[in-house]
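Peer 1: Before anything else, here's the structure in question.
The values are calculated or read from the model by the stated rules, or taken from the named source; none is laboratory data. What you are looking at is a predicted structure, and each value in this text was computed from that prediction instead of being measured. Cβ placement follows ideal geometry from the backbone for every residue including glycine, while neighbour counts extend to all protein chains displayed.
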Amino acid sequence: MTARTHDLVAFASLLTVASIIPPAELNFSTTVTCLVGSVIGALAPDMDQATNRLWDLLPAGNIIGRILRNLMLRHRTISHSLLGIFIFYKILDFAIPRLLNPAYVNGQLVIAAIMIGLVSHIVSDMFTKEGVPILFPITVKVGIPPFEALRITTGKFVENFLVFPGVLAYIFWLVVNRREVFVSLVKLIQS
């Protein structure tokens, strides 16, 4: 999937989780940080590519990306696996409480938002022809559906004209059908 599709799927996933399990407390700073975190999570599995959009946001990011790419073997290895999810979570669990002021931002919600973006990326990539090595270091790539011929080719017609608009339609449907939850979340943010 392309970066823009991953971003949109991560946003849709974040809205879905928030509509099912609304946070008990929420403020503006946490909301913005969660939205940014969701995008970071959506781009993080592709940090094994030097051309990842995430590297463009950092000073000397492309140089760091090239170095990191060599450490990660090749595209869609550890960063697209259960092991990668676990390692990324442990890094976040260590770093976020040290980076964010808990008086202003709920770090646990930020970690959850980043992880939702990360997992949505990996699940989305399971629908592509390449699949993902979810059980890395076992190199077998898993895809949905199991038959590669039925999966999506990244950046082509199905993704651009069916998946992307379909996710937009889903977001619209979700917001309309769960509007009471979203209205209460907006009130929570404003209080």
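Peer 1: In the range 27-53, how many are outside any helix (DSSP H, G or I) and at pLDDT 95 or above?
Peer 2: Number of matching residues: 1.
Peer 1: Of the conditions (1) touching a residue at least 40 places away in the same chain (Cβ under 8 Å); (2) under 25 Å from ILE21 (Cβ atoms), ALA103 clears all except one; give me its number.
Peer 2: Exception for ALA103: condition (1).
Peer 1: Another question about this same structure. Please state which one of ILE114, ILE122, ILE134 is among the hydrophobic types (A, V, I, L, M, F, W, C), touching a Lys or Arg at 6+ places or on another chain (Cβ under 9 Å), within 29 Å of GLY155 (Cβ to Cβ) and buried (at least 18 other Cβ atoms within 10 Å of the Cβ).
Peer 2: Criteria check complete, one pass: ILE134.
Peer 1: Do the conditions hold for VAL132, that is, is it among the β-branched types (Val, Ile, Thr), touching a Leu at 6+ places or on another chain (Cβ under 9 Å) and under 28 Å from ILE85 (Cα atoms)?
Peer 2: No: the conditions fail for VAL132.
Peer 1: State yes or no: is VAL163 touching a Leu at 6+ places or on another chain (Cβ under 7 Å), in contact (Cβ under 8 Å) with a residue 24 or more places away in the chain, among the aliphatic types (A, V, I, L, M) and over 13 Å from ARG76 (Cα atoms)?
Peer 2: The answer is no for VAL163.
Peer 1: When ASN160 is evaluated against the numbered criteria (1) of a type outside the set (Lys, Arg); (2) assigned to a helix (DSSP H, G or I); (3) within 25 Å of ILE21 (Cβ to Cβ), which criterion, by number, is the only one it fails?
Peer 2: Exception for ASN160: condition (3).
Peer 1: Separate question: In this structure, is GLY65 at pLDDT below 95, small (Gly, Ala, Ser), within 16 Å of the chain's Cα centre (by Cα) and under 21 Å from PRO133 (Cβ atoms)?
Peer 2: No: the conditions fail for GLY65.
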